[in-house]
Amino acid sequence: AQKVTQAQTEISVVEKEDVTLDCVYETRDTTYYLFWYKQPPSGELVFLIRRNSFDEQNEISGRYSWNFQKSTSSFNFTITASQVVDSAVYFCALSERASGTYKYIFGTGTRLKVLA
Amino acid sequence: DTEVTQTPKHLVMGMTNKKSLKCEQHMGHRAMYWYKQKAKKPPELMFVYSYEKLSINESVPSRFSPECPNSSLLNLHLHALQPEDSALYLCASSSPNMDGYTFGSGTRLTVV
């Protein structure tokens, strides 16, 4: 069965610390997509990154970086030098092909609190 | 235009009321979605429209009725809701090549 596990329910760090959010997935598909979304208190889900199953290159975007390892079915997200504005709930998601389109399997989310 | 616009942002309705949530996108996306999100939980898929046809209904109660009048618009009609239906309702759209969903900012619904 398709499944996404975010074992960390809540993480608190002090500003400028680095923090890694873990994501482990299960899928029977050979082609799939993984995503990270940020949900600030305002409620909107903000797209951060998409990674397809054939691209295992790690990616860096400013203070954000992602480590995708198919061997361990993990897609971890690191924030370097965290800031208060990074405080949000972060969701990892796996795409599943269904009825001619895609739907997301979301993890349960990790609430990140960055303290000043 | 790279946005998904949802209206209203907040809605309070009684259990006997009929109301509608609206969602609009102009990115040319041909798949549109309704998600329901309860507090401290991940979004749960309700409906998927693909090329204006309902392709997925995740066993949603009939008091929720989706409608896709055209490729840019998605509505969710609400009737005889229960207090436990209070939640954040999120609309999203995507292209067929799965670049990722674009979500709206949601409608926060309270049923009294």
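Since every read-out is calculated from the coordinates, none of them should be taken as a lab result. Bear in mind that the values here come from a model prediction, so they are computed numbers and not experimental data. A quick note on method: Cβ atoms are made from the backbone with ideal geometry, for glycine too, and the neighbour counts reach across all protein chains shown.
Some observations on this one:
- The mean number of partner chain beta-carbon atoms within 10 angstrom of a residue's beta-carbon across peptide B:43-55 is 3.
- Loop-located chymotrypsin sites (Phe, Trp or Tyr not before Pro) in the stretch A:36-78 (DSSP state other than H, G, I, E, B) with a sparse environment of at most 14 neighbouring Cβ atoms within 10 Å: A:PHE54.
- Burial ordering of A:THR101, A:THR72, fewest other beta-carbon atoms within 10 Å first: A:THR72, A:THR101
- Cα centroid separation - the stretch B:47-112 against the stretch A:1-57, whole Å: 23
- Above-threshold pairs, the threshold being 18 Å between Cα atoms, out of A:LYS38/B:LYS19; A:LYS103/B:LYS36; A:LYS103/B:LYS18; B:LYS9/B:LYS38; A:LYS70/B:LYS40: A:LYS38/B:LYS19; A:LYS103/B:LYS18; A:LYS70/B:LYS40
- Lys, Arg +1 and Asp, Glu -1 on Cβ, resulting dipole of chain A about Cα centre, debye, nearest 20: 260
- Note: relative contact order over chain A, using C-alpha pairs below 8 Å and six or more positions apart, is 37 percent.
- Relative contact order, whole percent, for chain B stands at 37, derived from Cα pairs under 8 Å and 6 or more residues apart.
- Additional length obtainable on full extension of the chain from A:ASP55 to A:GLN2, 0.36 nm per residue less Cα span: 17.1 nm
- Residue mean of other protein chain beta carbons inside 10 Å, A:21-32: 0
- Which of A:THR27, B:THR5 has the fewest Cβ neighbours within 10 Å, and the rest in rising order: B:THR5, A:THR27
- Three-way shape label, the stretch B:44-112, alpha-carbon gyration tensor, a/c 1.5: prolate
- Cα-based shape type of the stretch A:53-110, given that a ≥ b ≥ c are square roots of the gyration tensor eigenvalues and the cut on a/c is 1.5: oblate
- Packing-based ranking, highest mean first, of B:84-91, A:91-98 given that Cβ atoms within 10 Å are counted: A:91-98, B:84-91
- Shielding value for A:41-49 is 5, the average number of Cβ atoms from other chains within 10 Å of each residue's Cβ.
- The simple spin-label model puts a point 7 Å past each Cα toward its Cβ; for B:GLU58 and B:ASN17 those points are separated by 2.5 nm.
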